[in-house]
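Colleague: One structure, as structure tokens, below. Some questions next.
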Amino acid sequence: MKLDGIHHISCITGNARSNLDFYTRVLGLRLVAKSVNQDDPYVYHLFYADEVGSPGSDLTFFEYPGALPGRAGSGMVYRISFRVASDDAIGFWERRLAVEGIATERIDGVLRFNDPEGLGLELVARRSNDAVLIADHPEISRDVALLGFDGVRAYGRRDGSRRMLEDVLGAVSVGDWEWELRGTSRGGTIAFDPPPELLSRPSAGTVHHVAWATELDEHEQWLSHLASAGVQSTPIVERFYFRSIYFREPGGVLYELATKGPGFTIDSPVADLGTRLILPPAFEPRRAEIEGRLTPLPDVPPR
């Protein structure tokens, strides 16, 4: 069994309207699903990805309206890295973000910046045989568009994290406290840095968890494998568009193993993704009540 890199990354926002504008208009991702937190249906769960919502490109946000700015600390991912095709693409994004008033820093060819709530992001020009995961956008050509996730950086206790990654999850060391999880079609990395002195404060602009991609027919085996390795996890949780197993690695980062299917097109054609509020069947009878308590968002036209 191999994990196919990053499936999705879930974060927190305090302002769904601003969040939607930044990730779709500015960064060029597509809103592929507008749903709710299945544990709290009055909390938005927004999904941004490539044109069809592919695993490997899926950045999600829970909205807690008015949430104070958070602070990444020990046991938290603090930076998300996207791939782009070339140094020319890096230059394009440096100029585009400057027009939007977003400060950037270019270090060894990597472009670093924060989203409007302080979430750390970066763009790296990296050659790869992985499929490019692109969303169509009228102002962003395909040769400079975001191509999916490259990896994440986290704060944590390194030795336990190393053992979990190598001995349990099958990761391969690719640098100084950096590992790659690569399966049959895609790879993604996670790197660990010593935590800052200030305590973490999970809230707006922070990462909630990172999910690694599994094959649908291997998910039960991963559950058994984790148990045999002494890892305490949830049972398999049905998320309708994928199935999930959650657990914390020794450094404190919350991991999820998420299946690569069935995907967002199971009940919507590609053209309609993100255009309507999707509710789990148990919440459908409460649609009017739930919609009335969620932040109003602009309509997303079909593609």
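Read-outs: derived from the displayed coordinates by stated rules, not from any lab. The structure displayed is predicted, hence computed values, not measured ones. All Cβ positions, glycine included, derive from the backbone under ideal geometry; neighbour counts span all protein chains shown.
Colleague: About its Cα centre, what dipole magnitude does the chain give when the only charges are +1 on Lys and Arg Cβ and -1 on Asp and Glu Cβ, stated in debye to the nearest 20?
Modeller: Values: 32 positive and 43 negative charges, 62 e Å.
Roughly 300 debye, rounded to the nearest 20.
Colleague: Let me check against my output: what whole-number percent is the relative contact order of the chain, with C-alpha pairs under 8 Å and at least 6 apart?
Modeller: Result for the chain is 26 percent.
Colleague: Using 0.36 nm times the number of residues separating Arg158 and Ala271, minus their current alpha carbon distance, what extension gain do you get?
Modeller: Difference between extended and current length: 36.3 nm.
Colleague: Follow-up question, since we're still on this one. So for Thr60, Thr295, fewest C-beta neighbours within 10 Å to most, what's the order?
Modeller: Thr295, Thr60
Colleague: Gaussian network model of the chain, Cα springs within a sub-10 Å range: biggest mean-square fluctuation belongs to which of Leu68, Leu119, Leu133?
Modeller: Leu68
Colleague: Enumerate the calculated ³J(HN,Hα) couplings along the stretch 199-211 in order (Karplus 6.51 cos²θ - 1.76 cosθ + 1.60, θ = phi - 60°), each rounded to whole Hz, writing x wherever the residue is Gly or Pro.
Modeller: 5, 5, 9, x, 5, 4, x, 10, 8, 7, 7, 10, 10
Colleague: Distance in nm between label sites at Val174 and Arg106, each 7 Å beyond Cα in the beta-carbon direction?
Modeller: Here the answer is 2.4 nm between the modelled labels.
Colleague: Count the DSSP beta bridges whose two residues both fall in the stretch 6-293, then state the antiparallel fraction as a percent rounded to the nearest 5.
Modeller: Close to 65 percent.
Colleague: Let me ask something else. Assuming 0.36 nm per residue, please report the length gained on full extension of the stretch Gln221 to Arg239 beyond their Cα-Cα distance.
Modeller: Residue separation times 0.36 nm, minus the Cα-Cα distance, leaves 4.7 nm.
Colleague: Exposure proxy check: Arg287, Arg162, Arg248, Arg30 ranked by fewest other beta carbons within 10 Å?
Modeller: Ascending number of Cβ neighbours within 10 Å: Arg287, Arg248, Arg162, Arg30.
Colleague: Compute the separation of the alpha-carbon centres of the stretch 16-69 and the stretch 92-147 and state it in Å as a whole number.
Modeller: Cα centroid of the stretch 16-69 versus Cα centroid of the stretch 92-147: 18 Å apart.
Colleague: Once Kirkwood radius over Cα pairs in Å is worked out from the coordinates, which option in [x] 18.7; [y] 20.6; [z] 19.5 does it equal?
Modeller: Recomputing Kirkwood radius over Cα pairs in Å here picks out [z].
Colleague: Also, I was wondering about something else. For the chain, which span is the longest to avoid every loop-located (per DSSP) member of GluC sites (Glu not before Pro) having at most 10 other Cβ atoms inside 10 Å? Could you put the intermediate results ahead of the total?
Modeller: On the way: sites that count: Glu139, Glu197.
My reading of the result: 1-138 is the longest stretch.
Colleague: Mind telling me which of Gly205, Gly252, Gly187 comes out most flexible in a GNM of the chain, alpha-carbon contacts under 10 Å?
Modeller: With Cα springs under 10 Å in the chain, the top fluctuation among Gly205, Gly252, Gly187 is at Gly252.
Colleague: Could you list Val52, Val99, Val172, Val84 so that the one with the fewest beta carbons within 10 Å of its beta carbon is first and the one with the most is last?
Modeller: Numbers: Val52 15, Val99 8, Val172 12, Val84 22.
Going from least to most buried by this count: Val99, Val172, Val52, Val84.
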